[in-house]
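Accompanying notes for the structure given below.
The values are calculated or read from the model by the stated rules, or taken from the named source; none is laboratory data. Nothing here was measured: the structure is a model prediction, and the numbers come from that model. All Cβ positions, glycine included, derive from the backbone under ideal geometry; neighbour counts span all protein chains shown.
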Amino acid sequence: MTNVHPTRRFAQLALVALVGLGVMTQAAPALAQGQREPQAEQFVQTPAQRVISVLADKNQSVAQKKATFHQGIDELADVPRITNFVLGKYARTITPDQRTRFAAAFRVYAESVYQNRISDYHGETLKVTGSTVRKPGDVIVNTTISGGQLGQPVQVSWRVLGGGTAWKVVDVQFKGVWLAITQQQDFVSTIDNAGGNVDVLISQLQRDAQRPASR
Amino acid sequence: MALAVIAAGGTSAAASSAHARATVETPIPLVAAPDAATDMAQIEYDPLEGFNRGSYTFSMGLDRAVFRPVTHGYMAVTPTPVRHRVSAFVYNLGEPSTFLNDVLQGKPKRAGRTTARFAINSTVGVLGLFDVAAGMGIRSHDADFGQTFGRYGVKPGPYLYVPVLGPLNFRDGVGRVFDFFTDPIGLAGQGWTSPFGITRLVTQTIDTRANADLAFRALDQAVDPYATARSAYGQHREALIREATGAVQELPDFDDVPAATDPVVPPTETSTVPAESATPQPPTAEPAAPAASPEPQ
């Protein structure tokens, strides 16, 4: 049945690249050498490292980690902006009532999903390796996460918006894949397939939030 | 058997034209990436979505029935360090194919690093079980024919979810066929039907599935796993191709939500409208005004 050829790409791309999150490839994004933004780098270094340390700490209970992530997320990420972004084109047409319900459902969903995802990688140390200013107030900070269960260090980029000493993460890239952009495609496709009805997505998120993560 | 034939047939139709484009087009190594909207539209280009969704559902069912249980069994009986050795061994066997593509892409430094890695890891690294070269600062990188085509300007074309094989696009599907027929280790090992070939295939399939386990879990948590996989695969591949072209990724402005249907982006409030320029400007004019503005940039 599996008449497949023996180059490593067969399995590698069929499966690893399935969601681009496999551990073998090193697809660091090719970012131009631009101007650096030290304050944005500092922002990523400190709170991001703290969240990663807590999630990687084996002495903390799942409930403790959850509480830390719940509190830390607003310090780290611009949740309202991300909430708007992931709706894509539907951010223009959603009603105020739907927006309120979506924001609540998305928050619960995202906390559960991203906490699991960060914990899964068990990295322990985050090191900022540089940054690129896309335009003033919009910076990509490049980091390497290593240690813990990671076989080899992974490159993670953080898109941060802000200025001065006030910055917030809006997107994270790993293996070339931006999480918020991918999330947007997921949600927009779901709403498209529901004939443009955002309520279908909202109820789906509410259902998923109650479902325990598959292990 | 039939699956690979279908895959090869579907992609070989486009092979000649894609190859022709690759060889005819002048390399433009530092061309700017297409703008963000175009970039995303290319990744989402999925005219075969009906077939692809069926294929995706079938493949995921097969994964749950066969690949996942086998992989989880493997992960249960082997400690993590052992699995890392297996990954390194499988990866090392792919280095000659990486070298070939480094050369075809006109990247002698990368080709040199790949050669050094293969030589060091195959000897000092005990047949590739240990990535000694990475410890010496010679880090790994990937290269395949899909990337080589992309480096010379070939666009991804329609998205394709091939049963069992997984996500592809036309460009990378053709690339996969080329990878198969040119893989030096595969050729030296008498093809995939030899005992060596079968062992290698089974090993790397399980190894790759194990390494992708977290990704599969992430898909389980998506609302539309099919769309999520398509987006992630496309972004991953385009990132690999930017690595070869040196292009910088164009990202959408984070607050700029795409228009519902029409591709024409309406002008922002701050843009000047010619008709209004005749009217006297209020003293508190928008800062985004015309070239007459004396502000230094």
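Note on the stretch B:183-195: residues that are surrounded by fewer than 17 Cβ atoms within 10 Å (Cβ to Cβ) and either at pLDDT 95 or above or not in a helix (DSSP H, G or I) (or both) total 5. For the residues B:P184, B:P158, B:P163, B:P167, the requirement of being within 23 Å of the chain's Cα centre (by Cα) and more than 12 Å from chain A (Cβ to nearest Cβ) singles out B:P158.
Taking the condition touching a Phe, Trp or Tyr at 6+ places or on another chain (Cβ under 8 Å) and surrounded by 15 or more Cβ atoms within 10 Å (Cβ to Cβ), does A:V177 pass? Here the answer is no, as A:V177 does not meet what is asked.
Residues are listed down the side, and each one gets a yes or a no for (1) facing chain B (nearest Cβ under 10 Å); (2) under 14 Å from the mean Cα position of the chain (by Cα); (3) of a type in the set (D, E, K, R); (4) farther than 15 Å from A:Q45 by Cβ:
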| position | (1), (2), (3), (4) |
| --- | --- |
| A:W158 | no, yes, no, no |
| A:G164 | no, no, no, yes |
| A:Q173 | yes, yes, no, yes |
| A:D192 | yes, no, yes, yes |
| A:G195 | no, no, no, yes |
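For the stretch A:62-72, the criterion of being at pLDDT below 85, outside any helix (DSSP H, G or I) and under 23 Å from A:V141 (Cα atoms) is satisfied by no residue at all. Among the residues making up the stretch B:192-221, a single one is of a type in the set (G, A, S), more than 20 Å from the chain's Cα centre (by Cα) and either more than 18 Å from B:G128 (Cα to Cα) or more than 7 Å from chain A (Cβ to nearest Cβ) (or both): B:S194. Take A:D171 and decide whether it is among the acidic types (D, E) and farther than 24 Å from A:R50 by Cβ. It is false that A:D171 is among the acidic types (D, E) and farther than 24 Å from A:R50 by Cβ. Set side by side, the residues B:A119, B:A134 differ, and just one is within 12 Å of chain A (Cβ to nearest Cβ), more than 19 Å from the chain's Cα centre (by Cα), surrounded by fewer than 24 Cβ atoms within 10 Å (Cβ to Cβ) and farther than 27 Å from B:F67 by Cα, which is B:A134.
Restricting A:G162, A:G196, A:G130 to those that are part of a loop (DSSP other than H, G, I, E, B) and either modelled with pLDDT of 95 or more or surrounded by fewer than 20 Cβ atoms within 10 Å (Cβ to Cβ) (or both) reduces the list to A:G196.
Contact annotation: residue pairs with Cβ atoms under 8 Å, 6 or more positions apart or on different chains, pairing a residue in the stretch A:102-118 that is within 11 Å of chain B (Cβ to nearest Cβ) with a partner that is acidic (D, E), are A:Y109/A:D208. Picking from residues in the stretch B:142-182 that are more than 22 Å from B:S231 (Cα to Cα) and not aliphatic (A, V, I, L, M), the one that is surrounded by the most Cβ atoms within 10 Å (Cβ to Cβ) is B:D179.
For A:I52, the conditions (1) at pLDDT below 80; (2) under 22 Å from A:V128 (Cα atoms); (3) within 14 Å of another protein chain (Cβ to nearest Cβ) are fulfilled apart from (3).
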